[in-house]
1. For segment B:118-157, enumerate the residues that are buried (at least 16 other Cβ atoms within 10 Å of the Cβ), among the small types (Gly, Ala, Ser) and in contact with a Ser or Thr (Cβ under 7 Å, 6 or more places away or on another chain).
2. Scan B:25, B:72, B:15 and give me the residue that is within 29 Å of residue B:177 (Cβ to Cβ) and of a type in the set (Asp, Glu).
3. If you check B:30, B:68, B:2, B:55, which single one turns out to be over 16 Å from the mean Cα position of the chain (by Cα) and within 20 Å of residue B:207 (Cβ to Cβ)?
4. Is it the case that residue B:161 is modelled with pLDDT of 95 or more and either outside any helix (DSSP H, G or I) or farther than 17 Å from residue B:17 by Cα (or both)?
5. Does segment B:93-146 hold any residues that are small (Gly, Ala, Ser) and modelled with pLDDT under 90, and which are they?
6. Out of the residues in segment B:19-35 meeting the condition of being over 21 Å from residue B:81 (Cα atoms) and touching a residue at least 60 places away in the same chain (Cβ under 8 Å), tell me which one is farthest from the other protein chains (Cβ to nearest Cβ).
7. Could you grab me the full set of residues in segment B:182-205 that are more than 19 Å from residue B:147 (Cβ to Cβ) and surrounded by fewer than 18 Cβ atoms within 10 Å (Cβ to Cβ)?
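The values are calculated or read from the model by the stated rules, or taken from the named source; none is laboratory data. Keep in mind that this is a model prediction, so the values were computed, not measured. Cβ placement follows ideal geometry from the backbone for every residue including glycine, while neighbour counts extend to all protein chains displayed.
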Amino acid sequence: PASNLGLEDIIRKALMGNMEE
Amino acid sequence: ELTQDQKALISYIVDAHNKHRIPQDMAKKLLQEQFNTEENFLLLTEMATSHVQVLVEFTKNIPGFQSLDHEDQIALLKGSAVEAMFLRSAQVFSKKLPNGHTEVLEDRIRRSGISEEFITPMFNFYKSIGELQMMQEEHALLTAITILSPDRPYIKDQQAVERLQEPMLEVLRKVCKLQHPHEPQHFARLLGRLTELRTLNHHHAEMLESWRMS
């Protein structure tokens, strides 16, 4: 499940790419 | 009352907020997949991940956000994601969804192993948002304001965040006056919900821990 670190990973990836990638 | 720039800001933010939706297949799964605590746990976790991605896409559209320091962008999102997601869920719950979807969603949340002491304040928050009869402009602006909170942990340049948040607050104040002319307290009440969101956010970290344990 999305632990706080998981949350940061999701945010970093989403900030870099866009949804489609 | 609203300047041309303010009107442009509103339509831009509302448009971005309307695109801020979890994918159709995810929403369908929530309403169709079979029903047990384990399944609910996995589905809610998957939905939360998808919702964070959608939230980031919305945030990228907040004017000025991408000009902030990169690490500050991450600190803002990390500090506000849970609150922005609760606000969005409150909007979904206060809008009457067709043929009982809200009931199915509520039931799934109530039966996913989350402790009752957390579920009650969450649904109280949804109810209090529903009672405010907020328009979509208010929801979109309040979400942006929540994300642009300068006092989140690890923010290096708080003034830069304040410079983005202040015009949003000003626009929201005017929108409240225009859309709720007979409720002078409306704007103050919206800001009051932000404090309630902070409490929910605090409980959420504890809830996540105990949920994972069980």
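1. Once the filter is applied, which keeps residues that are buried (at least 16 other Cβ atoms within 10 Å of the Cβ), among the small types (Gly, Ala, Ser) and in contact with a Ser or Thr (Cβ under 7 Å, 6 or more places away or on another chain), segment B:118-157 yields only B:149.
2. B:15
3. Result: B:30 is the single residue among B:30, B:68, B:2, B:55 that is over 16 Å from the mean Cα position of the chain (by Cα) and within 20 Å of residue B:207 (Cβ to Cβ).
4. So residue B:161 passes the test.
5. Of everything in segment B:93-146, those that are small (Gly, Ala, Ser) and modelled with pLDDT under 90 turn out to be B:94, B:100, B:112, B:113, B:115.
6. By that ranking, first place goes to B:31.
7. B:182, B:183, B:184, B:185, B:188, B:189, B:203
Residue-wise test of (1) in contact with a Lys or Arg (Cβ under 7 Å, 6 or more places away or on another chain); (2) at the interface with chain A (Cβ under 10 Å from one of its Cβ atoms); (3) assigned to a helix (DSSP H, G or I).
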position: B:49; (1), (2), (3): no, yes, yes
position: B:56; (1), (2), (3): no, yes, yes
position: B:63; (1), (2), (3): no, no, no
position: B:75; (1), (2), (3): yes, yes, yes
position: B:78; (1), (2), (3): no, yes, yes
position: B:84; (1), (2), (3): no, no, yes
position: B:87; (1), (2), (3): no, no, yes
position: B:104; (1), (2), (3): no, no, yes
